[in-house]
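As structure tokens, the structure follows; a few thoughts come after it.
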Amino acid sequence: MITSTKERRAFQRMVINAPVTLYQQHRVLEGVCRDLSANGMGVEINQHDFDVAQPLRVSLATSSNLLPPFEAQARIVRVLEEDKGLLLALEFLPQA
């Protein structure tokens, strides 16, 4: 029996706590990216009215004006209630 409490993930998560903007059709929402991995990110928000069945665009600003923001298409895989609001678990979609 395995009793390890370590998560088994293909990619390590990085805690970043950076502002992020989410776009879905005409909706725009500002949040805080709590963690980032090669497959997705966790975003803290106050509330949302996104359609969880539709993809959204993520724009994460960089700390340098020399680099463009990180942008990706993603889908919402989970919405978790937390003390400070909601945490959206986003999975990045393959680029077309």
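Bear in mind these aren't lab numbers, they're just calculated from the coordinates by the rules spelled out. If you're wondering where the values come from, they're calculated on a predicted model, not measured in any experiment. Methodologically, a virtual Cβ is constructed for each residue, glycine included, from the backbone with ideal geometry; neighbour enumeration extends over all protein chains shown.
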Please check the chain for the longest run free of trypsin sites (Lys or Arg not before Pro) that are loop-located per DSSP (anything but H, G, I, E, B) and have at most 15 other Cβ atoms within 10 Å.
10-83
Compute a Gaussian network model of the chain, connecting alpha carbons closer than 10 Å, and tell me which residue from V20, V43, V52 fluctuates the most.
V52
May I ask you to derive the relative contact order of the chain, considering only C-alpha pairs under 8 Å and at least 6 residues apart, and to give it as an integer percent?
23 percent
Of the candidate values (1) 12.5; (2) 8.2; (3) 7.0, the one computed for mean projected area of the Cα convex hull in nm² from this structure is (2)
Mind listing the long-range amide H neighbours of L93? Cut-off is under 5 Å, sequence gap 5 or more, other chains count too, H placed in the peptide plane at 1.01 Å from N.
Q73, A74, R75
Under 5 Å, built H, 5+ apart or other chain: amide partners of S37:
M14
Would you calculate the separation in nanometres between label points at Y23 and D51, each defined as 7 Å from the Cα along the Cα-to-beta-carbon direction?
1.7 nm
